Amino acid sequence: MSEYGRMTDTERDQIDQDAQTFMRTCSEAIQQLRTQGVCKLYSEQRAVRVKRVVDKKRLSKLEPEPNAKTRESMSSEKVSQSPSKDSEEKPVPEDYT
C-alpha cells in the first residue's frame with residue numbers, strides 16, 4: 001500500500017510539465033479575451049459615434065433652409081404692408097365720421 005501512496009520523481013515532473021502547459025494555455029486565453037474585449041469596446045464606441053453622425057445628418061435635412069424661411073417672412077411682410085384693393089383710399093361719407 002505504501003507503493004501506491006508515493007509518487008515517483010518522473011510522475012512529479014510530468015504533473016509539473018502539465019501544470020505549466022495548462023497555465024500557459026490559460027494565460028494566452030486570458031490575453032486573447034482581453035484583446036477581444038478591447039476590440040469590442042472600440043467597435044461599440046465607434047458604432048455610437050457613426051450613429052450620432054447619421055442622426056445629425058438626418059435631423060439637419062428636416063430643418064427648413066434658412067433662405068426659404070427668410071423668403072417666407074419677407075413675402076408675408078410685403079402682403080401685410082401692401083394695402084389690398086378693397087381697402088384702398090375711398091372717400092368716407094361725412095355722415096359716417
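Computed quantities for the displayed model
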item	result
Among residues of segment 11-40, those that are polar (S, T, N, Q), at pLDDT below 95 and either over 51 Å from the mean Cα position of the chain (by Cα) or open to solvent by 90 Å² or more (accessible area, probe 1.4 Å) (or both), counted	3
Test result for T8, polar (S, T, N, Q), modelled with pLDDT of 90 or more and surrounded by 10 or more Cβ atoms within 10 Å (Cβ to Cβ)	no
Matching entry among S43, S60, S80, S87 (being assigned to a helix (DSSP H, G or I), at negative phi and modelled with pLDDT under 85)	S80
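The values are calculated or read from the model by the stated rules, or taken from the named source; none is laboratory data. Just so we're clear, the structure is a prediction, and the values are computed from it rather than from any experiment. Backbone-built Cβ (ideal geometry, glycine too); neighbour counts: all protein chains shown. Ligands, DNA and RNA are stripped out before the accessible areas are found, and what is left, the full protein with its side chains, is counted by its heavy atoms. Shrake-Rupley method; radii C 1.70, N 1.55, O 1.52, S 1.80 Å.
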